[in-house]
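I am attaching a structure below and will ask some questions about it afterwards.
Here, each number is a calculation from the coordinates, and none is a lab measurement. Note that this is a predicted model, so its numbers are computed, not measured. Neighbour counts run over all protein chains shown; Cβ positions are idealised from the backbone, glycine included.
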Amino acid sequence: MMASIIVLLSALLIFSCRAGKVNNEVKHNPDLKQVPSDQVPFETAPEKLTDPKPIYPKLALMNGYEAVVWVSSTIDSVGHVTDVSIMKFNGEENVGFEESAMEAAWATKWKPASQDGKTVGTIIAYRIIFSLQKK
């Protein structure tokens with residue numbers, strides 16, 4: 001009995017010592033996006049020059065699923081999309097909504113934002129709605 005208590009106390013002591021250590025190691029988190037250094041505030045927001053319609057996923061269509069996908073697009077000073085990510089998703093998962101929204105976001109052409117009469121890169125968020133027409 002005494003040996004069990006000593007083993008238990010030793011384990012608690014080791015655990016509490018490890019828990020008290022500070023880990024200052026920096027780990028890369030691929031989910032965190034750094035804002036590119038050329039992103040600046042703008043006076044005039046970017047404008048869509050093309051608005052490609054996302055393809056409604058077949059599985060979602062067959063099952064009557066709808067969704068709203070918020071995407072974030074990084075637009076450079078020329079108007080090219082340089083990065084796309086999903087910010088928020090509201091709908092049935094694993095049926096293709098996110099992928100379709102990202103494909104449409106990558107295909108969008110933009111008039112870039114401007115600041116002080118110069119075009120600038122920026123990040124813009126917008127939603128893509130997948131809705132079935134009710135007859």
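Residues of the range 88-105 being aromatic (Phe, Trp, Tyr) and buried (at least 20 other Cβ atoms within 10 Å of the Cβ), which ones?
The one that is aromatic (Phe, Trp, Tyr) and buried (at least 20 other Cβ atoms within 10 Å of the Cβ): PHE97.
Given the structure, is ILE55 in contact (Cβ under 8 Å) with a residue 40 or more places away in the chain and crowded, with 17+ Cβ neighbours inside 10 Å?
For ILE55, the condition - in contact (Cβ under 8 Å) with a residue 40 or more places away in the chain and crowded, with 17+ Cβ neighbours inside 10 Å - is not met.
Working only within the range 106-128, note down all residues that are hydrophobic (A, V, I, L, M, F, W, C), more than 27 Å from ASN63 (Cβ to Cβ) and either buried (at least 19 other Cβ atoms within 10 Å of the Cβ) or in contact with a Pro (Cβ under 6 Å, 6 or more places away or on another chain) (or both).
Selection gives TRP110, ALA113, VAL120, ILE124.
A further question follows. Taking the condition part of a helix (DSSP H, G or I), surrounded by 13 or more Cβ atoms within 10 Å (Cβ to Cβ) and of a type in the set (Ser, Thr, Tyr), does SER85 pass?
no
Being out of contact with any Lys or Arg (no Cβ under 6 Å at 6 or more places or on another chain) and in a loop (DSSP other than H, G, I, E, B) is the filter here, so list the residues in the range 47-59 that pass it.
ASP51, PRO52, LYS53, PRO54, ILE55, TYR56, PRO57
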